[in-house]
Ligand code: NDP
């Protein structure tokens, strides 16, 4: 059987790393994109030492259209097909709108929203030719409900929903699904740095009473990329412990 290829942006840290590892366990070849060459090499060596051989790493800033085009072309030169694209890379530059400057606005829109165009554009042609594909776009609970101090991030993540729904309609007949995942509070490095009392306050607002785990996001990604999920497209799957229901 032909090897499946999954491309994960921001695929070596936090949620993206768990997604990459889950794909590897499932037998996919994983191509992890990140903008830091040194960290990519270290990560690939660590994973190969742990027995995961089917890894490629590509240095690419997802906010740069030309870089994305060249990087995706290099993957397709090598493998001919991309079965799953996970647009996961994201950043925050928080400030209340009164204090937010244009560079904070631009950076967040470029990395979280323009990256959807930059990465999906060169990949979709290949999926259309092959008449198969799975695209997962990482959004956030804050793109659904908005968040104080995150006008830039909330706008970008809300834009991801519109992008997903429009593209899903355009490619559905070609056996390509496009879905959004909206995580709530996930137990990543960022959360581990929060003081205990603040963390307890956050957990109190979550009906299931705990943070989510990146592994839980990865499990959902694998399901959405599998053969049995072909009827799910244009959907947003919230994974937030019941914190925001709609
Ligand atoms: P992390 O900051 O842990 O990881 C993000 C990854 O994306 C990093 O490896 C980062 O690289 C990479 N990245 C950032 N900018 C670029 C860029 N321009 N080009 C290429 N790679 C880039 O984030 P999380 O794992 O926490 O989040 C993953 C996704 O999930 C994001 O889209 C985030 O918005 C979303 N999300 C996360 C939640 C959470 O609780 N953690 C909640 C809701 C949504 P580098 O380290 O070099 O910057």
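Taken together, the values in this text are just the output of simple stated rules run on the coordinates, not laboratory data. Just so it is clear, the structure is predicted and the values come from calculations on it, not from any experiment. Ideal geometry is used to build each Cβ from the backbone, glycine not excepted, and the neighbour counts take in all protein chains shown.
What's the center-to-center distance, using Cα atoms, between region 1-31 and region 99-178 in Å?
Going from one Cα centre to the other spans 19 Å.
How big is the Kirkwood radius of region 26-68, worked out from every pair of different alpha carbons and given in Å to one decimal?
Roughly 11.0 Å, rounded to one decimal.
Could you calculate the FRET efficiency of residue 173 with residue 73 from 1/(1 + (r/R0)^6), where r is the beta carbon distance between them and R0 is 30 Å, rounded to 0.05?
About 0.70, to the nearest 0.05.
Using Cα pairs closer than 8 Å and at least 6 residues apart in sequence, work out the relative contact order for the chain, in percent.
Numbers: 454 pairs, mean separation 46.4, N = 246.
Averaging sequence separation for qualifying contacts and normalising by length gives 19 percent for the chain.
Taking the C-alpha atoms of region 5-235, how large are the radius of gyration and the largest Cα-Cα span, Dmax, in Å?
17.3, 53
Most fluctuating residue of 25, 54, 121 in a GNM of the chain with Cα springs under 10 Å: which is it?
In the Gaussian network model the winner is 25.
Nearest 10 degrees, 0 to 90: what angle lies between the long axis of helix 151-171 and the longest principal axis of the chain (Cα atoms)?
Helix 151-171 and the main axis of the chain meet at about 30 degrees.
What do the square roots of 5 times the Cα gyration tensor eigenvalues come to for region 23-143, in whole Å, largest first, as semi-axes of the equivalent ellipsoid?
Equivalent ellipsoid semi-axes, largest first: 27, 18, 13 Å.
Can you put 56, 34, 42 in order of Cβ neighbours within 10 angstrom, beginning with the fewest?
So the residues, fewest neighbours to most, are 42, 56, 34.
Evaluate region 115-246: find the radius of gyration of its Cα atoms, find its Kirkwood radius, and give the ratio Rg to Rh.
1.02
Pick from 176, 91, 124: which residue has the top mean-square fluctuation in a GNM of the chain where Cα pairs under 10 Å get a spring?
Judging by the Gaussian network model, the answer is 91.
Can you run the Rg to Rh ratio on region 185-246? Use alpha carbon positions and the Kirkwood inverse-distance Rh.
1.07
Rounded to two decimal places and with Rh computed the Kirkwood way over Cα pairs, what is Rg over Rh for region 1-93?
On the way: Rg = 12.4 Å, Rh = 13.2 Å.
Over the Cα atoms of region 1-93, Rg/Rh equals 0.94.
Sorted from fewest to most neighbouring beta carbons within 10 Å, what does the list 1, 191, 245, 138 look like?
If I rank by nearby Cβ atoms, fewest first, I get 1, 245, 191, 138.
Provide 189, 216 in ascending order of the number of other Cβ atoms located within 10 Å of each residue's Cβ, fewest first. Write down the numbers at each step before the final one.
Numbers: 189 8, 216 16.
Fewest to most other Cβ atoms nearby, the residues stand as 189, 216.
How much FRET efficiency would the formula 1/(1 + (r/R0)^6) give for residue 131 and residue 201, where r is the Cβ-Cβ distance and R0 is 41 Å, rounded to 0.05?
Using R0 = 41 Å, I get an efficiency of 0.25.
Return the FRET efficiency for the residue pair residue 231, residue 101: r is the Cβ-Cβ distance, R0 is 35 Å, and the value is rounded to the nearest 0.05. If you can, show how the numbers build up before the last one.
Working: r = 44 Å, r/R0 = 1.27.
Efficiency for this residue pair is about 0.20.
When every alpha-carbon pair in region 54-112 is counted, what percent end up more than 13 Å apart?
Summing the P(r) of region 54-112 above 13 Å gives 70 percent of all pairs.
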